[in-house]
Amino acid sequence: MPDQSRRSLEHTLRFTVRSYELDQNGHVNNATYVAWAENVTNEHAEAIGFGRAWSLERGGGWVVRRHEATYHVPAVALDEIEATVRVEGVRGVRGWRRTWIRRATDGALLAEVFSEWAWVRTADGRPARVPDEIVAAFGVGQAGEEPSRDVPA
């Protein structure tokens, strides 16, 4: 069982924009923000003991069902980035996370990514109930209610 003291709804990574992440306008490519959201999610799972090995031992794993990204301000080469993910709920076969991507120097919100994940069996790729340990740790929100995908103005 993962260490109870390490369970946190949020996790933050800090990194620098690399040249290959830029588009022809010199801005970070839109798809890169989604990749960053997935990366901070995976790092969070590993940090709290619910990572790949733990999932495979239980015969399952997470796959993305949907990402919704809202872009606010572009990042450019060498910007220092802070990506924070928050678990917003887990229920049935699904889990929801929201990631805020900010420029570390001034805190400017660059993008927000809302992600819906599905727990699937590794044997056949079919949806299955999220393991009880994850629901106990992160089953936030009201039963029957999905987290809001609203993005603040």
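Remarks
- Derived scalar couplings ³J(HN,Hα) [segment 10-15; Karplus, 6.51 cos²θ - 1.76 cosθ + 1.60; whole Hz; x for Gly, Pro]: 10, 8, 10, 10, 10, 7
- Carbon + sulfur, % of accessible area of the chain - ligands and nucleic acids excluded, 1.4 Å: 47 percent
- Cα long-axis angle, helix 30-47 against the chain (0 to 90 degrees, to the nearest 10): 40 degrees
- A Cβ-based charge dipole, computed about the Cα centre of the chain with Lys and Arg at +1 and Asp and Glu at -1, lands at about 400 debye.
- Alpha-carbon Debye profile of the chain, log10 I(q)/I(0) at 0.09, 0.20 Å⁻¹: -0.30, -1.23
- Comparing Gly61, Gly107, Gly89 in a Gaussian network model of the chain (Cα springs below 10 Å), the most mobile by mean-square fluctuation is Gly107.
- Once the 1.4 Å probe is applied to the protein heavy atoms, the chain comes out at 54 Å² accessible per residue.
- Sum of -39500 (n - 2.57) over DSSP H runs of 4+, divided by residues of the chain (222 nm, nearest 500): -6000 deg cm²/dmol
- Among 50-56, 30-36, the peptide with the highest mean count of other Cβ atoms within 10 Å heads the list, and the full ranking is 30-36, 50-56.
- Virtual paramagnetic centre 7 Å along Cα→Cβ of Asp23, amide N under 11 Å, in segment 71-114: 71, 74-75
- Viscosity 1.002 mPa s, 20 °C: Kirkwood-radius Stokes-Einstein D of segment 1-71 over Cα pairs, µm²/s: 150 µm²/s
- Phi to ³J(HN,Hα) by Karplus 6.51 cos²θ - 1.76 cosθ + 1.60 over segment 55-62, Hz, x for Gly, Pro: 5, 4, 4, 9, x, x, x, 8
- The gain in end-to-end length when the Asp132 to Ala47 segment is fully stretched comes to 28.7 nm, 0.36 nm per residue minus the alpha carbon separation.
The values are calculated or read from the model by the stated rules, or taken from the named source; none is laboratory data. Every value quoted in this text rests on a predicted model; they were computed, and no experiment measured them. Cβ: placed from backbone, ideal geometry, glycine included. Neighbour counts: every protein chain shown. These accessible areas exclude ligands, DNA and RNA; they are computed on the full protein's heavy atoms, side chains included. Shrake-Rupley method; radii C 1.70, N 1.55, O 1.52, S 1.80 Å.
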